[in-house]
Structures are given as C-alpha cells and as structure tokens.
1. Are there any pairs with C-beta distances below 7 angstrom linking a residue in segment 1-17 that is farther than 11 Å from Thr35 by Cβ to a residue that is in a helix (DSSP H, G or I) and acidic (Asp, Glu), with the two at least 6 apart or on different chains, and if so which?
2. Exactly one of (1) under 30 Å from Phe114 (Cα atoms); (2) out of contact with any Leu (no Cβ under 9 Å at 6 or more places or on another chain); (3) at pLDDT 90 or above is unmet by Ala61. Its number?
3. How many residues are more than 23 Å from the chain's Cα centre (by Cα) and over 14 Å from Thr3 (Cβ atoms) when one looks only at segment 18-39?
4. So, in segment 1-27, of the ones that are among the polar types (S, T, N, Q) and in a loop (DSSP other than H, G, I, E, B), which residue ends up surrounded by the most Cβ atoms within 10 Å (Cβ to Cβ)?
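The values are calculated or read from the model by the stated rules, or taken from the named source; none is laboratory data. Given the structure is predicted, the values throughout are model-derived calculations rather than measurements. Every residue, glycine among them, receives a Cβ derived from its backbone with ideal geometry; neighbour counts consider all protein chains shown.
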Amino acid sequence: MATKKEIMLQLLKGVGWNDTARSLRCSKATVAKCTAKIEGEGIDPARLEAMTDAEVSGLFADGRGKRGEEYLEPDYARVCDQLARVPKMTLALQWARYTDCSPGSKRLYGYSGF
C-alpha cells in the first residue's frame, strides 16, 4: 500500500487521479484527500520532499481520541495466563473480575470490548 507522501508526490508531478490510484494501488478517495491537503495547505514539491512520512501522516489526523486514555485497560497477560492455566476459567468470569475493580475516573470496557 502506498504512503500518502508517495501519492502526493505523484499528484504534484501532474499524474492524474485514476493513474495515481491504479499505479500505487490505493483508492480514489485517498487520492482525493491528498489532493485536498495539497491545495488546502499549499504544499509544493520542495516542501513535500523536506517532510518526513510522519509529518505527512500528521496532516491527515482524523481527530479520534485514543481509546486507552478513556478506558481502564485490563491486565491482558494475567487474563490470558488464567484462561490457559485454570480449568473451567471463562472470559465471562475474567470480565466479571475486571468490572469488580474500582476504575477511578476511567470507564470500563463492556463484555464485547473486553
């Protein structure tokens, strides 16, 4: 899969949307997003070459929060160990133990997210 920087480089060279999507094996929607960023940020080839892949990816932040910041993370190593080691241990029992703890200001995962 092509990086957004590769897509943007193709577009700045004057390659069309369809040809870019086909040659880099990405969707036209991704090409459209890259085009919008090029126009919106006023990116030229020299500026794009100077940017790292991480900086380019930062232009496309989707604004979603990190799930781990809001939720109390279970001790997955302990859960997996007990599921493997303890007879008749189920995921439902592990989840019940997880929900018995006091999360403080954090939220707890529901069973399907656990």
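1. Every condition considered, the pairs that remain are Thr3/Asp53; Lys5/Asp53.
2. (3)
3. 4
4. Taking the candidates together, the pick is Thr3.
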